[in-house]
Amino acid sequence: MTIHVSVNREDAQDSISILKRMGIIDPSHKIYNSGERVFIPIRSADTIPESVPGTIVDLDGKPKEERLRPLVQPGSFDVIGHIAIIKNIDGKDYSSKAEEILQTRKSIRTVYLDRGVKGDHRKRTLELLAGEDLPETLYRENGITLRVNVRKAYFSPRLATERLLISSRIRDGEYVCDMFSGIGPFSISIAKNAKARVLAIDSNCDAVEILRENVKINKLMGTIDAICADSSSEISRHGKFDRIIMNLPHDAFNFIENAYAALNDGGLINYYEINTDEGITDRMMQFRDMGLKLTWKRVVHGYSKMESLHSMEFQKIPRN
Ligand code: SAM
């Protein structure tokens, strides 16, 4: 049995360079290109970050059967600073697993069970399984440092690669709106890696307070403005943007008219949606009809059996 990451041809280069950097590619097997898909041999499926596009497949000589990698394996956990968060996907008792994490990982002081994100602010419902109830921590990714409070505001480490990819697409001098900023991982990453001015908006005032602190921690004062407001109305009060980040994957389409109106002609929208492939095709047609041309897309990771998190970039075509 040889385990491979199977990716669309268009995502192959991204995946290969991430996996190479992490030293996960299995050098004893060749990368196999079937035309439509590229199969990258890996040493183990356990170490693949969710942010790597593609699915895990077992190949026996030639590609036969492809199965979707579930977003989270039973008992898998995220680590954010001193906090481990176990995903509750099968209702099992993870108390002993939590104790084991606490005993074997010296940097972990807190282990929570994640009962899911809820409400407009997408806050996590967390149950303390082991250690101390310390929801605030410092987290480092791609050369930035973020203060995170896992109870007060949404944060996921699984989009680290996506944030790096988006930062690399920003051109010097862009005026960017991060329409659903949370504690600011996109805003901070963009302002750190590109010469851009950023307006960050979030309706969760706790998230915005933490974002302002993150601006100071990363020495980005003067490049990011952070506002606690409903972005559907707030976005029209700050002039026109060259780019708008819309990271609200279940609801962003409800805000697309507001974003469109606040975008310069030729400006770009980085849009996220959790949907099936068919649903995404319909969405692209809907956006094309309103004057938004697709310029880039990738699947970030699987979400459920039929749905994935899709990342798409659209350009505003001037209306005559
Ligand atoms: N971009 C951040 C990140 O990557 O960590 C946060 C993403 S989280 C999925 C979506 C965020 O949108 C939440 O922080 C929530 O409070 C915010 N939100 C939801 N509805 C909003 C609205 N109408 N206006 C502004 N922010 C909103």
Could you put Lys118, Lys297 in order of accessible surface area, largest first, with the 1.4 Å probe and the full protein assembly present?
Lys118, Lys297
Sequence-separation-based contact order of region 78-124, relative, with Cα cut under 8 Å and 6+ spacing, percent
41
Longer than 30 Å from Cα to Cα, which of Lys123/Lys219; Lys240/Lys305; Lys92/Lys123 are they? Say none if no pair is.
Lys240/Lys305
Tally Lys and Arg at +1 and Asp and Glu at -1 over the other residues with C-beta under 11 Å from the C-beta of Tyr154: what net charge comes out?
+3
What do you get for Rg/Rh of the chain when both radii come from the Cα atoms and Rh is the Kirkwood radius?
0.97
Percent RCO, i.e. relative contact order, over the chain, from Cα pairs under 8 Å lying at least 6 residues apart:
12
Can you give me the relative contact order of region 161-216 as a percent, contacts being Cα pairs under 8 Å and 6 or more apart?
38
Packing-based order for 95-104, 173-182, using average beta carbon neighbours within 10 Å, highest first
173-182, 95-104
Counting only Cβ distances under 4.7 Å between cysteines, those in the chain with no partner are Cys177
Report the antiparallel proportion of the DSSP beta bridges in the chain as a percent, rounded to a multiple of 5.
70
Within 10 Å, count the other beta carbons around each residue, average over each peptide in 200-209, 12-21, and list them highest first.
200-209, 12-21
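The values are calculated or read from the model by the stated rules, or taken from the named source; none is laboratory data. Because the structure is a prediction, the values reported are computed rather than measured. Heads up, the Cβs are rebuilt from the backbone with ideal geometry, glycines too, and the neighbour counts pull from every protein chain shown. Ligands, DNA and RNA are excluded from the accessible area calculation, which covers all protein heavy atoms including side chains. Shrake-Rupley method; radii C 1.70, N 1.55, O 1.52, S 1.80 Å.
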